[in-house]
Amino acid sequence: MNNPQLDKNGRLKHLLSIEGLPKDILTQILDTAESFAGVSEREVKKVPLLRGRTVCNLFFENSTRTRTTFEIAAKRLSADVVSLHIGTSSQSKGETMLDTVNNLVAMHADIFVVRHAQSGAAHFIARHVAPHVHVINAGDGRHSHPTQGLLDVFTIRRYKPDMHNLRVAIVGDILHSRVARSEIHALTTLGVPEVRVIAPKTLLPEYVERLGVHVYHDMRQGLKDVDVVMMLRLQNERMNGALLPSAQEYFKCYGLTPDKLALARPDAIVMHPGPMNRGIEIDSAVADGTQSVILPQVTYGIAVRMAVMSMLAGSGE
Amino acid sequence: MNNPQLDKNGRLKHLLSIEGLPKDILTQILDTAESFAGVSEREVKKVPLLRGRTVCNLFFENSTRTRTTFEIAAKRLSADVVSLHIGTSSQSKGETMLDTVNNLVAMHADIFVVRHAQSGAAHFIARHVAPHVHVINAGDGRHSHPTQGLLDVFTIRRYKPDMHNLRVAIVGDILHSRVARSEIHALTTLGVPEVRVIAPKTLLPEYVERLGVHVYHDMRQGLKDVDVVMMLRLQNERMNGALLPSAQEYFKCYGLTPDKLALARPDAIVMHPGPMNRGIEIDSAVADGTQSVILPQVTYGIAVRMAVMSMLAGSGE
Amino acid sequence: MNNPQLDKNGRLKHLLSIEGLPKDILTQILDTAESFAGVSEREVKKVPLLRGRTVCNLFFENSTRTRTTFEIAAKRLSADVVSLHIGTSSQSKGETMLDTVNNLVAMHADIFVVRHAQSGAAHFIARHVAPHVHVINAGDGRHSHPTQGLLDVFTIRRYKPDMHNLRVAIVGDILHSRVARSEIHALTTLGVPEVRVIAPKTLLPEYVERLGVHVYHDMRQGLKDVDVVMMLRLQNERMNGALLPSAQEYFKCYGLTPDKLALARPDAIVMHPGPMNRGIEIDSAVADGTQSVILPQVTYGIAVRMAVMSMLAGSGE
């Protein structure tokens with residue numbers, strides 16, 4: 001079976017999930033992002049790579065944060081950007097998602113950045129659009145959010161270049177996280193030997209061990225000697241439900257505090273995908289502390305998205 | 001009386017309705033659009049014709065689809081685009097529509113793309129703005145939506161260049177359609193000898209024959225030997241009312257199915273302004289079939305809008 | 001104590017309020033705006049000064065009008081503009097305002113245009129962002145709206161260049177006005193010898209005389225021989241409350257009518273920050289009359305905002 005993310009020459013055609021990306025493509029994205037990391041630090045933060053191309057942000061679910069990162073990345077590549085928040089629009093007029101997309105393809109949109117509440121929406125679109133069109137999954141249900149996973153891996157590689165020698169702990173709501181699975185896959189593919197997940201049983205998917213991770217329910221044990229602590233966001237709606245006792249209780253057991261962080265290696269880095277719930281999954285002293293690389297993650301997110309878009313635009317020609 | 005759409009040298013100054021456009025202007029728009037149809041197929045889909053001009057999308061009624069087409073067209077002409085959705089804005093603060101517009105004129109907006117639920121809104125604005133400002137009607141009530149009419153005519157001319165030898169059928173809700181009247185006018189002006197309208201009596205305006213069309217209530221009779229089938233969108237709210245029995249019944253009588261289409265000429269083209277109600281006014285087998293030019297209509301819509309904006313920007317200097 | 005609006009070389013770093021701006025900076029802004037006033041009158045209304053910079057409109061409170069003016073100004077400077085309406089976004093996900101801002105700083109936003117319902121929000125952000133980032137206050141509660149104040153002063157200077165010889169009357173809801181205090185301060189700083197405020201007692205702040213103004217409750221007395229009449233907008237919510245008898249009553253006492261304007265100097269100019277309540281604080285005959293400079297104010301508002309942004313971008317390098 002063909003890999004839907006690659007064109008016939010093995011180049012990146014769509015970015016739908018980290019699962020299924022060969023190691024050389026993953027490495028190519030990170031290496032390309034490295035070159036764009038410099039662009040955003042210049043005074044004129046712009047390259048003409050996508051001049052005259054049209055990037056279409058197609059958001060079936062609202063996410064100002066994600067939309068903004070793709071908009072900034074596309075504009076720094078000199079693309080024209082059009083943002084559509086669907087739901088208030090044609091969808092409510094009974095048009096199918098595919099008709100909406102095909103209309104935009106007919107307007108010669110080149111790259112679609114798709115956000116949808118349902119798993120598989122971006123895959124579905126990628127499978128049905130014309131061959132010259134590229135799709136980036138910007139989050140579909142709980143399934144996947146590959147640019148987040150890529151920027152996390154990029155950040156880890158920047159701070160800990162020797163990935164074959166790392167212990168990484170992912171802490172929190174693994175069950176509902178769009179990114180945890182992608183992270184685990186990417187880290188394993190890039191040769192990280194030990195990935196741990198730390199969570200209460202109620203926030204872990206069944207058979208999580210099969211992903212090749214070590215499972216901890218006790219955060220103090222799980223953080224011991226790790227090089228990277230990746231915190232996950234605890235979504236508010238979880239805290240009202242039966243899954244968790246209370247925010248205070250959660251913070252006590254699974255919130256990252258300075259004393260828990262002290263169990264990790266002294267040069268360990270702390271990551272969080274944002275937006276943070278300070279005092280729930282992370283203590284402000286850690287979030288704003290010297291080991292935090294939470295804001296660099298955001299910075300590298302622009303570089304990674306520029307890299308992905310420029311690679312897509314270069315494929316299939 | 002002066003034609004409000006033309007400047008004193010007879011050049012296009014505003015685009016308010018197809019009615020009132022002389023044949024040479026109509027032809028000039030179509031010819032100019034022809035040259036822009038190529039731009040959108042290039043890799044760098046951009047020309048510098050409107051660089052440094054400001055196009056203002058002034059939407060008093062939401063329409064993501066229409067807004068997007070004008071935004072893409074303006075950006076491909078290198079204009080700066082500002083989109084305002086009014087209603088959530090100053091209008092609710094008691095400002096008059098004309099004060100809102102005059103403020104934007106004072107900011108040196110060059111072209112206004114106006115969408116309003118009330119008939120005549122774009123005409124009203126055009127009548128009151130400063131002489132160097134141009135207004136494009138992007139839909140006002142049931143009255144007019146001239147760029148839709150123009151892109152339809154452009155599409156017909158592309159596929160059936162010999163317009164003096166055509167039979168065109170317009171099918172569906174003629175009564176509430178913003179475009180049907182414009183189409184009829186444009187087709188007649190460009191020399192199409194036979195225009196038919198096909199609809200139940202409840203969806204036809206009184207005295208429709210006076211527009212020079214042939215009226216059919218039976219779709220099978222009406223489609224016989226036509227070269228072009230233009231389907232209209234059936235708006236959901238009509239189906240709940242007393243005008244129509246039910247969606248199923250409508251589809252049975254006036255939905256375009258392969259067997260009904262077979263009554264037209266074998267090389268007839270099928271058009272629809274979108275968004276489509278599949279299974280109500282059009283069968284998917286036809287919408288996605290080989291005779292459908294529904295997506296090319298969308299593509300040509302960008303070219304036509306680029307043509308109109310570039311002509312407006314070139315007038316009155 | 002350091003002036004938070006200036007960098008260590010005394011150049012404009014943030015624009016938070018007119019209070020605290022030294023006279024030479026105030027004059028520099030007006031002089032720079034003078035050069036930009038010409039740009040908007042050209043056909044290609046664009047200069048490359050901010051090419052590759054990112055201007056972020058951060059609106060915690062909706063204001064299409066203000067957002068549009070900054071967006072147009074930034075685009076005419078060739079900046080990339082990203083607009084965020086927060087509230088529907090991460091803020092509702094429990095993220096702090098500062099985390100939202102720091103995320104955007106991490107994406108290398110250069111200039112923030114901040115609108116917030118709470119006084120001091122822009123100051124707070126300016127105090128906490130990285131040193132290379134610039135903040136413009138686009139309205140915070142009742143506190144300040146400095147670009148409005150600057151454009152008013154710019155307009156006065158354009159029409160009445162000899163500011164040492166002027167009588168200016170500010171009429172209306174001084175108590176709730178974001179701008180009245182800024183105006184008074186700017187006018188005094190630039191040497192205007194006589195500033196009058198005209199309002200009912202209920203719409204005047206306590207101790208208003210301490211700002212160096214002359215207080216009038218009778219509009220006919222207050223307008224006598226003034227060179228400039230600055231009307232303020234009467235917010236609808238005030239009219240329902242206990243502060244005022246009725247809109248009709250207000251218009252009778254404090255609405256600017258041709259006969260009241262006749263008491264001012266014959267060459268007096270009339271100003272209003274918009275949006276206007278015609279028939280409440282101002283009569284249409286005056287608003288649209290020959291002495292009105294209400295639309296030029298809007299035009300100069302673009303020039304002033306271009307001036308401020310270009311000065312900010314040039315500081316701190």
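Quick note: the coordinates plus some simple rules give every number you see, no bench work behind them. Owing to the predicted nature of the structure, the values given are computational and were not obtained by experimental measurement. All Cβ positions, glycine included, derive from the backbone under ideal geometry; neighbour counts span all protein chains shown.
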- If contacts are Cα pairs under 8 angstrom and at least 6 residues apart, what is the relative contact order of the stretch B:146-293 in percent? 23
- Could you pull the Rg and Dmax for chain A, using just the Cα atoms, both in Å? 19.5, 57
- Distance in nm between pseudo-label sites at B:E34 and A:L98 (7 Å out along the Cβ direction from Cα): 3.6
- Estimate the FRET efficiency between B:H214 and C:E43 by the formula 1/(1 + (r/R0)^6), using the beta-carbon distance for r and 45 Å for R0, to the nearest 0.05. 0.40
- Message: Can you compute the FRET efficiency between B:A130 and B:T202 using 1/(1 + (r/R0)^6), with r the Cβ-Cβ distance and R0 = 41 Å? Round to the nearest 0.05.
- Response: 0.40
- Task: Treating only the Cβ atoms of Lys and Arg (+1) and Asp and Glu (-1) as charged, compute the dipole magnitude of chain C about its Cα centre; round to the nearest 20 debye.
- Result: 300
- Note on the structure: Distance in nm between A:N2 and A:K23 label points, each 7 Å along Cα→Cβ, equals 2.7
- Note on the structure: Percent antiparallel among DSSP beta bridges confined to the stretch B:1-149, nearest 5, equals 10
- Item | Packing-based exposure ordering (other Cβ within 10 Å, fewest first) of C:R115, B:R167 | B:R167, C:R115
- Item | Charged-residue dipole, Cβ positions (Lys, Arg, Asp, Glu), the stretch B:43-88 about Cα centre, Debye nearest 20 | 200
- Looking only at other chains, what is the average number of their beta-carbon atoms within 10 angstrom of each beta-carbon in C:65-72? 5
- Once amide hydrogens are built 1.01 Å from N within the peptide plane, the residues lying 5 or more places from C:R278 or on another chain with amide H under 5 Å from its amide H are none
- Task: Calculate for chain B the 222 nm mean residue ellipticity that helices alone would give, adding -39,500 (n - 2.57) per DSSP H run of length 4 or more and normalising by residue count, nearest 500 deg cm²/dmol.
- Result: -11000 deg cm²/dmol
- Each label point is 7 Å from the Cα along the Cα-to-Cβ direction; what then is the distance between the points at B:K224 and A:A262, in nm? 9.4
- For the stretch C:146-297, the dipole about the Cα centre with charges only on Cβ (Lys and Arg +1, Asp and Glu -1), to the nearest 20 debye, works out at 120
- Note on the structure: re the protein assembly as shown: pairs of Cα atoms spaced beyond 46 Å account for a percent value of 37
- State which helices in chain A qualify, where a helix is a whole DSSP H run, it must extend 24 Å or more along its own axis by its Cα atoms, and its mean Kyte-Doolittle hydropathy must be at least 0.5. A:294-314
- Tell me which lysines have Cα within less than 29 Å of B:K260's Cα, excluding those fewer than 8 residues away on the same chain? A:K93, B:K160, B:K201, B:K224, B:K252
- Query: When B:R181, A:R76, C:R265 are ordered from fewest to most other Cβ atoms inside 10 Å of their Cβ, what list results?
  - Reply: C:R265, B:R181, A:R76
- Query: Stretched out fully, how many nm does the piece from A:R11 to A:A285 gain, at 0.36 nm a residue minus the Cα gap?
  - Reply: 94.3 nm
- Task: List B:F112, C:F60 from most exposed to least, where exposure is judged by having the fewest other Cβ atoms within 10 Å.
- Result: C:F60, B:F112
- Query: By DSSP, what percent of the beta bridges with both residues in the protein assembly as shown are antiparallel, rounded to the nearest 5?
  - Reply: 5
- Contact order relative to length for chain B, counting C-alpha pairs under 8 Å separated by 6 or more residues, stands in percent at 21
- Query: Under a GNM of chain B (C-alpha, springs under 10 Å), which listed residue has the highest mean-square fluctuation: B:E71, B:E194, B:E95?
  - Reply: B:E95
- Of the beta bridges DSSP finds with both residues in chain B, what % are antiparallel, to the nearest 5? 5
- Once you average over the residues of C:100-106, how many Cβ atoms of partner chains fall within 10 Å of each Cβ? 6
- Label point 7 Å beyond Cα along the C-beta direction, distances from B:H164 to other copies (nm, shortest first): 7.9, 7.9
